[in-house]
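A quick write-up on the structure given underneath.
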Amino acid sequence: MKKLNTALASVVVAGAMTAVATPAAARDTISIVGSSTVYPFATVVAERFGRSSDFPTPKLESTGSGGGMKLFCQGVGTQNPDITNASRRMKPSEFKLCQNNGVEEITEFRIGSDGIVIASSQDAENLDISLEQLFLALAEKVPSDDGSELVMNPNQTWSDVDSSLPDAKIRVMGPPPTSGTRDAFVELAMQGGCEEMPIFANMEEEAMEEACHSIREDGAFVEAGENDNLIVQKLMGDTEAYGIFGYSFLEENRGKLQAAVINGKKPTVENIAKDDYPIARSLWFYVKQAHIGVVPGIQEYVAEFTSAGAMGPNGYLKDVGLIVPTRDQLMELAKKAEAMPSMTGNEL
Amino acid sequence: MTDQPSQAEQVRRSLKRRYRKERRFRSYGIAAIAVALLALAILFIDIIGKGYSGFLKSTVTLEVTLDSDVMMLEDPTDKTARRMADFVAPLQQALMAELPPEAQDQPRAVRGLINNYASDALKKAVAANPEWMGSTRTMTFLASTDVDVYMKHQSDDRYSIKLSEQQQGWVDELAERGVIDLSFNDVLFTNGDSRNPSQAGVLGAIMGSLFTMLVTLALSFPIGVAAAIYLEEFAPQNKVTDFIEVNINNLAAVPSIIFGLLGLAVFINLFGLPRSVPVVGGLVLTLMTLPTIIISSRAAIKSVPPSVREAAEGIGASKMQVVMHHVLPLALPGMMTGSIIGMAQALGETAPLLLIGMVAFIVDVPGGFLDSATVLPVQVYLWSGSPELAFIERASAAIMVLLTFLIGMNALAVWLRRRLERRW
């Protein structure tokens, strides 16, 4: 019994020692975190890269843009991720966090765009709407008739907002506040519509932001969960409802869904790429230079991502719904992938 | 006095009412079970209805001529030469030979029928058998996902068919001739995750679940049982043990995501263990299952009749001998049942794994406890959120695989109980 006890004790001690003594085992797989919007594109690149090169397939976590930045900026060392994806540009505060934690040399890549669409079943009446009208339909508080104060949104049907719109109850299904799509929708569509109204322009910045970013909670806007497939399914069964989701889901369900025209622009590949379509955002990824050479394959992965085979006019990322960059932008990206210039923080 | 019915009379009169009451009570019970069964039936019908097609794959069988001029491959044993060679051309040629002549002018439409990674499969085959160069071989490849969806769901409005009219005509004809065929989807069980639905499989997730569960079992069973024995048999009854007992019961009710946060803070940030690995997943799930195992083990120990203990003590056994020789063997079936149910619960858990990075896209099948891995329920979650509709049937198929494991584990628990349980 005594022997057994000693043996057990030494195993426990040895285990504890190895756990403490090897804080960060060397890693040979690239670790990527970040936006769930970039995730479907980055995973395709990662898989191709894994199959066509001798490097292992990178590991991708979908943590959201903000969560990805936080992990990415935690520090240098293989326990931290090498690359983070984002559906918005890095914020100056995040750049500062990175600098403070020793992540000094970062290279930024803009990899194309993604549009947010407002779609409905083919059988529904299609919307042709301006951002201002969209705001009046979905905001929690809207200007009163004389424009002097804010009142709770009285609009019940689309035609209450404007007589040119369909005479149907306002019912829009969209993502919950935790989603990046929701953030982008609020920032691009709601705020875009808000800024066109004089009452908001005269407000203090904070008050304006709050008024512009609040979506009504009286049932006209339905939070339908993070899963965009669910919204698509609900639209099939309900021809009076509209849904908000990413362009790739529209592309996948083409023939069953139609997308609203916003400010006179349809969400087509050309309109989104040229930033004509108002609810479009650009997608980014950020590379930690200190990890190049430590974790094998980072530079090769970046080269694969920025290659014409992936993002060119016939690239495989186009097939999965990415709005690819123009030829000039692509050339610039390829050069950037070679030179890996560091961010200075001034460009943000 | 004679007007008062006798006691027997009273009983007789109320008898009918009491019987009625009992019948009513029974029917409530039956109704409750019926509701539960109906819910279960709807769940199963929905999952099986959506998912059975996930167990089928579409394949294309072609006569591929491996010509070194067409493929621009002189030396098939040379790796660099293989990398620069064209493995798409022979596939395209073979496919065009099966199609009507107008296909010659539409190489893109022709290539759209065959899987993106078919050329990789051909490359691998040639690398393994360099002597095949120059010959014509009959080989089977995966069809493209669009063809797969068309073959399985052409009459289902939930799916949108992405093939052009012309391609649909080609596929119909090839399917009639048996060139394109549906067969059992072995890819689902031999591949890791992929963004190409036809190439995606659950093997990576199954291995990840296996490694994670092994860590959980190896830690939570001995720790849980030891804690239960100490608390039940040796611990003095005082404020401290009461406090511990209350806390164990509380821990069993803590939402699992809290354990994920704890795991992130302690195992990853403090101890510096890597993210996304089964070891950390197993540690976190150990924390989650421990209360369940401790509580069920204590119940099992309590149910050992005192007479067994007293008899052992009576013939002079020490406290430890009583526990080791008599109480533990008798309580073991109950402990194992509790542990298996705890493990089954851990197998279905995703929330705590989200925070420690096991919700991730991982293609390579994990080979050990320190390889990045994901688990079965996470795979279901990831697939159900993908834009590609073909992932919906794979997600349902993965749910069926997960349910099979869960039912298997629960059946094992029932069997163990039947087999080993002793009645007094």
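Residues of segment B:272-306 buried by at least 50 Å² of accessible area upon assembly of all protein chains, compared with the chain on its own (1.4 Å probe): B:R275. Inter-chain Cβ neighbour count for A:71-83, averaged per residue, equals 1 (cutoff 10 Å, partner chain atoms only). Protection proxy ranking of B:396-406, B:172-182, by the mean of other Cβ atoms within 10 Å over each peptide's residues and highest first, is B:396-406, B:172-182. Exposure check, 1.4 Å probe, all protein chains in place: B:M96 carries approximately 20 Å² of accessible surface.
Across segment B:285-364, Cα-Cα pairs farther apart than 18 Å form 56% of the total. Springs between Cα atoms under 10 Å define the GNM used for chain A, and in it the highest mean-square fluctuation of A:S52, A:S35, A:S65 occurs at A:S52. Per Stokes-Einstein, at 10 °C and 1.306 mPa s, what whole-number D in µm² s⁻¹ belongs to segment A:115-280, with the Kirkwood radius over Cα pairs as the hydrodynamic radius? Translational D for this selection: 100 µm²/s. For the residues of A:50-57, the average number of beta carbons from a partner chain within 10 Å of their own beta carbon is 4. The residues B:T292, A:T326, sorted by heavy-atom accessible surface at 1.4 Å with ligands and nucleic acids left out, run A:T326, B:T292 from largest to smallest. Between segment B:51-110 and segment B:243-276, the alpha-carbon centres lie 52 Å apart. Of the peptides A:125-131, B:129-135, the order by per-residue mean of other Cβ atoms within 10 Å, starting with the highest, comes out as A:125-131, B:129-135. At a 1.4 Å probe radius, carbon and sulfur cover how many percent of the accessible area of the protein assembly as shown? The C+S portion of the solvent-accessible surface of the protein assembly as shown is 57 percent. For chain A, the C-alpha radius of gyration sits at 1.18 times the compact-globule guess of 2.2 N^0.38 Å, with N the residue count. Across every pair of non-identical alpha carbons in segment A:254-347, the mean reciprocal distance, once inverted, gives a Kirkwood radius of 15.4 Å. Potential lengthening of the chain between B:I47 and B:E74 amounts to 4.7 nm, from the contour at 0.36 nm per residue minus the alpha-carbon distance. Test of understanding: in a Gaussian network model of chain A with alpha carbons linked when under 10 Å, which of A:A273, A:A86, A:A211 would top the mean-square fluctuation ranking? Checking each option, the largest mean-square fluctuation is seen for A:A211.
Counting DSSP beta bridges with both partners in the protein assembly as shown, what percentage is antiparallel, nearest 5? Roughly 75 percent of the beta bridges in the protein assembly as shown run antiparallel, per DSSP.
The helix-only estimate of mean residue ellipticity at 222 nm for chain B, built from DSSP H runs of length n ≥ 4 each weighted as -39500 (n - 2.57), is -19500 deg cm²/dmol after division by the residue total. A plus B alone minus the pair: what accessible area, both sides summed, probe 1.4 Å, in Å² to 100? Protein heavy atoms only, the A-B interface buries about 3000 Å².
Of all lysines in the structure, the ones whose alpha carbon falls short of 30 Å from that of A:K256, not counting any fewer than 8 places away in one chain, are A:K169, A:K234, A:K265, A:K266, A:K274, A:K318, B:K50, B:K57, B:K152, B:K162. The accessible area of B:H326, taken with all protein chains in place and a 1.4 Å probe, comes to roughly 70 Å². Counting only whole DSSP H helices of chain A, the ones at least 27 Å long by C-alpha along their axis and with mean Kyte-Doolittle hydropathy no lower than 1.0 are A:2-21. Amide H contacts for A:V172 (H built 1.01 Å from N in the peptide plane; partners 5 or more residues away or on another chain; cut-off under 5 Å): A:F221, A:V222, A:Y242. Heavy-atom accessible area, probed at 1.4 angstrom with all protein chains present, ranks A:R254, B:R394, A:R89 as A:R254, A:R89, B:R394, highest first. Take each residue of peptide B:321-328, count the partner chain Cβ atoms within 10 Å of its Cβ, and average: the result is 0. Just give the residues from segment B:349-369 buried by at least 20 square angstrom of accessible area in the all-chains context relative to the isolated chain, probe 1.4 Å, and say none if nothing qualifies. Residues shielded by partner chains are B:V359, B:A360, B:F361, B:V363, B:D364.
Note on the protein assembly as shown: the C-alpha convex hull projects to 51.8 nm² when averaged across all orientations. The packing ranking, built from the mean of other Cβ atoms within 10 Å per residue, places the peptides B:327-338, B:10-21, B:347-358 in the order B:347-358, B:327-338, B:10-21, highest first. Scanning chain B for DSSP H helices at least 20 Å long along the axis (C-alpha atoms) with a Kyte-Doolittle mean no lower than 1.0 picks out B:203-229, B:278-302, B:328-347, B:390-420. If you sort A:E94, A:E300 by accessible surface, 1.4 Å probe, largest first, the order is A:E300, A:E94.
Segment B:53-185: D in µm²/s via Stokes-Einstein (Kirkwood Rh, Cα pairs, 4 °C, 1.567 mPa s)? Translational D for this selection: 84 µm²/s.
Between A:F305, A:F200, A:F41, the residue with the greatest mean-square fluctuation in the GNM of chain A (Cα pairs under 10 Å linked by springs) is A:F200. For the Cα trace of segment B:16-61, dividing Rg by the Kirkwood Rh returns an Rg/Rh value of 1.50.
In a reduced charge model with +1 at each Lys and Arg Cβ and -1 at each Asp and Glu Cβ, segment A:115-280 shows a dipole moment near 760 debye about its Cα centre. Within segment B:203-420, the ratio Rg/Rh, alpha carbon atoms throughout and Rh by Kirkwood, equals 1.05. Rounded to the nearest 20, the Cβ-based charge dipole of chain A about its Cα centre (Lys and Arg +1, Asp and Glu -1) stands at 2040 debye. Convex hull of alpha carbon positions in chain B: directionally averaged projected area 36.2 nm².
The values are calculated or read from the model by the stated rules, or taken from the named source; none is laboratory data. All figures in this text were calculated on a predicted structure; none of them were measured in a lab. For neighbour counting, all protein chains shown are included, and Cβ atoms are generated from backbone atoms with ideal geometry for every residue, glycine included. Quick note on the areas: whole protein, heavy atoms, side chains included, nothing else; ligands and nucleic acids left out. Shrake-Rupley method; radii C 1.70, N 1.55, O 1.52, S 1.80 Å.
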